[in-house]
Amino acid sequence: MTDKLNELTAAGVAVWLDDLSRVRLSSGGLDQLRREKHVAGVTTNPTIFAKALSDADEYNWQLRDLAIRDVDVEEAVRMLTTYDVRWACDVMRPSYDGSAGVDGRVSIEVDPRSAHDADKTVAEAKGLWWLVDRPNLFIKIPATEEGLSAITDTLAEGISVNVTLIFGLDRYSAVMEAFLTGLEQAKANGHDLSTIGSVASFFVSRVDSEVDKRLEKVGSDEAKALKGKAAVANAQLAYERYTEVFSSDRWKALETAGAHPQRPLWASTSTKNPDYRDVIYVEELIAPGTVNTMPESVIHAYADHGETRGDTVTGSYDAARKVFTDLESVGVDMSDVIATLEREGVEKFEASWQELLDGVTKSLKAAGAGKGAPNEAAKGNAKAAEKAGGA
């Protein structure tokens with residue numbers, strides 16, 4: 001039987017899992033995917049954690065401990081999520097060691113509410129890096145305008161970064177510029193560039209969802225014929241820009257100093273339209289030096305019926321540009337599409353973060369937070385007050 005995921009890996013695509021939960025960790029499921037399905041990395045986001053914490057009892061013991069300590073909800077979220085990510089880093093460590101630090105990475109995102117606050121993003125990135133304390137960690141930073149300087153400053157600290165929520169080509173170019181500047185500063189700061197990793201998460205299926213909605217509204221035959229083409233074309237043109245930047249003299253100087261390239265990571269690769277082939281965003285985006293992060297359902301679907309036809313990106317650039325020209329001709333404003341997706345992307349993660357906070361708040365209360373005997377600090381304060389005659 002053909003190992004289709006191995007063929008995909010051999011074609012230069014690193015297979016990563018877009019999911020994490022404590023059940024997946026404690027059951028050995030993640031390690032099984034690493035060993036049997038060529039999974040070489042893990043990505044997470046607030047939505048994934050909100051779901052994981054809402055439907056599993058595996059967190060109860062830690063929630064009880066946090067409740068007894070009267071830990072506030074935001075610190076509790078950090079303790080719960082970094083526990084899982086640290087564990088996942090350990091599970092993926094063989095992939096990290098076996099790839100000289102390129103793969104085997106696990107991502108955790110900064111609070112998305114800080115997406116437009118560069119200083120706070122950098123401070124949180126440093127805090128998460130210290131808290132997880134694993135070399136194969138990625139800190140996810142949204143690619144907002146304010147996030148660009150945060151990306152540079154975080155890399156300059158020697159911290160590995162997964163840049164997320166990239167939808168448009170110009171923003172992607174700015175992300176690569178932020179990466180190069182960050183590495184140059186890291187080198188000047190005395191960091192070993194070979195230990196610093198980065199990926200640029202370029203979102204795929206959401207582009208088709210937004211563009212197809214607009215094409216349907218236009219309603220002409222010409223418009224409908226373009227449905228399902230924008231996302232792949234957008235990603236293909238992103239790869240063209242990647243190859244240009246990472247063949248430049250500026251990059252070669254960093255590479256000579258030990259740096260690894262910032263790989264394009266195709267994110268949001270599950271199809272939202274059931275009329276489309278379930279592995280289309282994998283099959284049509286095969287190119288050397290890329291990452292494709294997939295839900296487990298897509299990993300299994302590709303293992304079952306995915307087709308690895310070699311490089312399906314290089315050489316597609318003229319056809320991709322024609323898709324953009326055709327979209328413009330029927331009235332689809334891609335710049336507005338990209339702006340809408342970026343705004344909604346941050347908003348969706350903020351909403352998921354709030355859902356996560358609300359869920360943990362509820363769980364902490366159920367575990368007894370704020371009830372029962374006073375904590376040790378309160379006992380100490382009472383004794384001090386007694387000695388002072390104030391109680």
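The values are calculated or read from the model by the stated rules, or taken from the named source; none is laboratory data. What you see is a predicted model; the values in this text were computed from it and never measured. Glycine gets a Cβ as well: all are built from the backbone with ideal geometry, and neighbour counts include every protein chain shown. The protein model used for the area step is the full one, side chains on, heavy atoms only, and it has no ligands, DNA or RNA in it. Shrake-Rupley method; radii C 1.70, N 1.55, O 1.52, S 1.80 Å.
Couple of notes before you dig in:
- Once segment 1-33 is narrowed to residues that are polar (S, T, N, Q) and assigned to a helix (DSSP H, G or I), the residue that is farthest from Trp353 (Cα to Cα) is Asn6.
- Tallying residues that are part of a strand (DSSP E or B), aliphatic (A, V, I, L, M) and in contact with a helix residue (DSSP H, G or I) (Cβ under 9 Å, 6 or more places away or on another chain) within segment 268-298 yields 1.
- Selection within segment 177-192 - open to solvent by 10 Å² or more (accessible area, probe 1.4 Å) and out of contact with any Lys or Arg (no Cβ under 9 Å at 6 or more places or on another chain): Glu177, Thr181, Gln185, Lys187, Ala188, Asn189, Gly190, His191, Asp192
- If only residues of segment 34-84 that are in a helix (DSSP H, G or I) and free of Cβ contacts under 8 Å to residues at least 12 places away in the same chain are counted, the one that is nearest to Val132 (Cα to Cα) is Glu75.
- In this structure, Leu148 does not qualify as within 29 Å of Arg24 (Cβ to Cβ) and within 18 Å of the chain's Cα centre (by Cα).
- Subset tally (residues that are farther than 25 Å from Asp111 by Cα, part of a helix (DSSP H, G or I) and at pLDDT below 95) for segment 331-380: 5
- Residue check, Val106 within 21 Å of Ala200 (Cα to Cα) and open to solvent by 40 Å² or more (accessible area, probe 1.4 Å): no
- Scanning segment 33-88 for residues that are under 19 Å from Val199 (Cβ atoms), hydroxyl-bearing (Ser, Thr, Tyr) and touching a strand residue (DSSP E or B) at 6+ places or on another chain (Cβ under 9 Å) gives Thr43, Thr44.
- Within segment 45-102, the set of residues being within 21 Å of Gly368 (Cβ to Cβ) and aliphatic (A, V, I, L, M) comprises Leu53, Ala56, Leu63, Leu66, Ala67, Ile68, Val71, Val73, Ala76, Val77, Met79, Leu80.
- Among the criteria (1) part of a loop (DSSP other than H, G, I, E, B); (2) polar (S, T, N, Q); (3) in contact (Cβ under 8 Å) with a residue 60 or more places away in the chain; (4) open to solvent by 10 Å² or more (accessible area, probe 1.4 Å), the one Thr243 does not fulfil is (1).
- Segment 64-103 - residue that is more than 30 Å from His260 (Cβ to Cβ) and among the β-branched types (Val, Ile, Thr) and, of those, surrounded by the fewest Cβ atoms within 10 Å (Cβ to Cβ): Ile68
- Residue identified as within 18 Å of the chain's Cα centre (by Cα) and surrounded by fewer than 17 Cβ atoms within 10 Å (Cβ to Cβ) among Ser297, Ser220, Ser248: Ser297
- Residues (aromatic (Phe, Trp, Tyr) and surrounded by fewer than 24 Cβ atoms within 10 Å (Cβ to Cβ)) located in segment 145-176: none
- Looking only at segment 17-47, and only at residues there that are open to solvent by 20 Å² or more (accessible area, probe 1.4 Å) and touching a Leu at 6+ places or on another chain (Cβ under 7 Å), the one that is farthest from Asn292 (Cα to Cα): Arg24
- Answer from Glu283, Glu328 - the residue that is modelled with pLDDT of 95 or more and open to solvent by less than 60 Å² (accessible area, probe 1.4 Å): Glu283
- Residues that are surrounded by 15 or more Cβ atoms within 10 Å (Cβ to Cβ) and assigned to a loop (DSSP other than H, G, I, E, B) within segment 300-310 comprise Gly306, Thr308, listed in sequence order.
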